[in-house]
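I have placed the structure first, in the form of C-alpha cells, so that the comments after it can refer back to it.
The values are calculated or read from the model by the stated rules, or taken from the named source; none is laboratory data. Worth saying up front: this structure is predicted, and the values here are computed from it rather than measured. Reconstructed Cβ throughout: ideal geometry from the backbone, glycine too, with neighbour counts over all protein chains shown. Only protein heavy atoms, including side chains, enter the accessible area calculation; ligands, DNA and RNA are left aside. Shrake-Rupley method; radii C 1.70, N 1.55, O 1.52, S 1.80 Å.
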Amino acid sequence: MLANGGIAVTASRTIAPATPSTVRVARRAGWLALGLAFVGFALFEIVKHDLGLAPLVFLILPDLAFVVGLGEAHDPRRLPGRAVPLYNLLHQPLLPLGLVAVLSFVDLGLVPFAGALLWFAHVALDRAAGYGQRTPDGWQRV
C-alpha cells in the first residue's frame, strides 16, 4: 500500500524547447570545435613534413576578398558591393572541404593540402565568431 492512498505519483519533467539563442550557441560551438580541429590537423601536417610558412597564406585567403572592395564607399561593418560575391565564394565551407577531399587522392603536394585545411579552419572560426555569408548589399546575414 502506498502512503498516499494507493496512487503512485511521479514528477514529470518538462524539457524546454531549444531557443534560437541556445541553437546559435550550440552551432557556434560546433564551428569552433571544427575550426580548432582543422588548425590542429594542419599544424600537425606542417610540422611533420616541414612545410614552412607557405600553407599559412591559405589562412588569410578568404579575407583577400576585402581587397576587391578597396576604394568603394561603404558603411562601417558593411562590405563593399563588388567584394560580396568573392567574399561569399571564399567563405563557403564546401570549397575547402572539397579541395581537402580531392587532395587526399590526387597528389599535388602537401602545401595545398595543409592550406586547404587552414582555409576551412578560417571559415569555421569565422562562423564560430558569428561571421558568415553577406547579403548582396554587403551586410552580415543574421
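General remarks:
- Placing dummy labels 7 Å off each Cα toward the beta-carbon, the span from Leu43 to His74 is 3.0 nm.
- Relative contact order (%) - criterion: Cα under 8 Å, at least six apart; region: the range 45-142: 37 percent
- Placing unit charges on each Cβ (+1 for Lys and Arg, -1 for Asp and Glu) gives the chain a dipole about its Cα centre, and among Ile46, His122, Ser104 the Cα reaching farthest toward its positive end belongs to His122.
- Over the range 38-79, the ratio between the Cα radius of gyration and 2.2 N^0.38 Å evaluates to 1.70.
- Taken about its Cα centre, the chain carries a charge dipole of roughly 600 debye when the Cβ of each Lys and Arg holds +1 and the Cβ of each Asp and Glu holds -1.
- Measuring with a 1.4 angstrom probe and ignoring ligands and nucleic acids, Phe44 comes out at about 110 Å² accessible.
- Enclosing the Cα atoms of the chain in their convex hull gives a volume equal to 196 cubic angstrom per residue.
- For the pair Ala33 and Phe66, label points projected 7 Å from Cα toward Cβ lie 3.0 nm apart.
- Neighbour cut-off at most 13 other Cβ (10 Å), DSSP loop, trypsin sites (Lys or Arg not before Pro), the range 48-122: Arg77
- Computed about the Cα centre, the dipole magnitude for the range 78-142 is approximately 300 debye when only Lys and Arg (+1) and Asp and Glu (-1) carry charge, each at its Cβ.
- Cα long-axis angle, helix 94-105 against the chain (0 to 90 degrees, to the nearest 10): 70 degrees
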